[in-house]
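Data first, discussion second: the structure below is written as structure tokens.
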Ligand code: AMP
Ligand code: ZN
């Protein structure tokens, strides 16, 4: 039933394993220029760790720390020992690079294979990887995991919907790896091309790499007639295969034998109560070439209390609610883009895409939300359209406490990003 024994370890055994691996990781990290200096300054050695709680004694590592050490400051071995690098997509600034030894790549492929196994994929499946290859980890990361599981793997890459459909039909593809914003677009395109999604060979989609709501997941499932599973990862922790849903679709299991996950109050750095939302902090436990200690992911989530019905003992995190640096403050109110998506994607008339624009109205900041409407509604009369617009604005008001400007736009009129979607643009300077 499980890919690996570690998935069902008793909690105390799992924590023992974490402690042992954390000590080893600290020892390895001390071989890097960055951590060797930091550990010396703060008097940290493998012996500082007696129990899992001692992880709190370790310093945080931030994205800025990684940037300041770019490119080699965190490597624990000579450059000759590394065989691959990836870089973060840089959604929030200059990229950071992550380096892998052959062992690191093997460990990562195992984690990915486990993740795929957990959503029911087996050797007999055919997986089409529809995310971009290249520096982005969603390409090669998923690819090698799929091969490790023994699946026939179709490295389709991003874009080109017609060709994607042809490959899927020609090779009877049963599993897709696809970014959620592209999945919505793709689903609409499949129908436009005259195919009935119910007749397609696929059964499972792995969706991740960007925040999306439960409504978006359900919409993808309905539009594609597929089961969609949330896949979480970040290049600093390898890439995908950090936390993954199982077939219960009730939160993402963190592979805790390979990572320590903590959730902290981003202001104080202290652990939040179990079940409360905070910033996810991750430590690698099985990476030799470039271990990272207590990495501040900026991603907001919570631990889901209790054990999963699937029998895996690892803790689960809730879907990512946004990033600590995504928060918009408007008229004194804190707003996360995912709150907006949650409402919009639950409205039946809404199509597949939206864009949040920050604008100036006089001296005041305002948000304008462009919402793509399904084709069949766009041909309706003015009054009906105004009705939809008002409905969206008032439902948003109930959620975010301010009334945004809502602009209905035609299907496919908002530019589609290659890769991760751009959901918020700041036009305040442009319009001043
Ligand atoms: P990168 O390292 O460039 O691939 O970006 C990693 C970031 O993508 C994470 O820190 C998250 O902000 C986001 N991300 C990845 N997977 C998910 C997911 N399943 N849900 C929400 N956000 C995600
Ligand atoms: Zn489970």
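Bear in mind these aren't lab numbers, they're just calculated from the coordinates by the rules spelled out. On a predicted model such as this, the values are computed, not experimentally measured, just so you know. Every residue, glycine among them, receives a Cβ derived from its backbone with ideal geometry; neighbour counts consider all protein chains shown.
Brief remarks on what is shown
- Length released on extending from residue 416 to residue 20, taking residue separation times 0.36 nm less the Cα-Cα span: 138.0 nm
- Sorting the Cα pairs of region 376-432 by distance into bins of 5 Å, from 0 upward, gives 4, 14, 16, 19, 22, 18, 6, 0 percent per bin.
- All Cα pairs of region 1-86, percent lying beyond 18 Å: 55
- Taking the alpha carbon gyration tensor of region 178-232, multiplying each eigenvalue by 5 and rooting it gives semi-axes of 19, 11, 9 Å, largest first.
- Measuring spread by the Cα atoms of region 335-432 yields a radius of gyration and Dmax of 13.3, 38 Å.
- Residue with peak Gaussian network fluctuation, the chain [Cα springs, cutoff 10 Å], from 148, 397, 218: 397
- Taking N as the residue count of region 233-279, its C-alpha radius of gyration divided by 2.2 N^0.38 Å amounts to 1.28.
- By the Cα gyration tensor, region 15-159 has an equivalent ellipsoid whose semi-axes, rounded to whole angstrom, run 32, 20, 13 from largest to smallest.
- The length gained on full extension between residue 5 and residue 215, counted as 0.36 nm times the residue separation minus their Cα-Cα distance, comes to 72.2 nm.
- In plain terms, the C-alpha convex hull of region 181-318 casts an average shadow of 9.6 nm² when viewed from every direction.
- The angle between the Cα long axis of helix 102-118 and the longest principal axis of the Cα atoms of the chain comes to about 50 degrees, rounded to the nearest 10.
- Descending by average beta-carbon neighbour count within 10 Å, the peptides 53-59, 128-134 line up as 128-134, 53-59, the highest first.
- Helices in the chain, meaning DSSP H runs of at least 4 residues, each add -39500 (n - 2.57). Divided by all residues, the mean residue ellipticity at 222 nm is -9500 deg cm²/dmol.
- Shape of region 255-369, Cα gyration tensor, a/c cut at 1.5: prolate
- Computed over region 30-70, the alpha-carbon pair-distance distribution with 5 angstrom bins reads 6, 20, 28, 25, 15, 6, 1, each value a whole percent.
- Region 293-354 shape via C-alpha gyration tensor axes, a/c threshold 1.5: oblate
- Put the Cα centre of region 313-343 next to the Cα centre of region 125-179 and the gap is 29 Å.
- Spacing of the modelled spin labels on residue 50 and residue 122, each 7 Å from Cα toward Cβ, amounts to 4.9 nm.
- Nearest-ten-degree value, helix 161-170 long axis tilted from longest Cα axis of the chain: 70
- Rg/Rg_ref, the chain, where Rg_ref = 2.2 N^0.38 Å and atoms are Cα: 1.01
- Helix 382-400 and the long axis of the chain differ in direction by around 30°, with both axes built from C-alpha atoms.
- Ranked by how many other beta carbons lie within 10 Å on average, peptides 179-191, 24-36 from highest: 179-191, 24-36
- Shape category assigned to region 138-227 from the gyration tensor of Cα positions, a/c cut at 1.5: oblate
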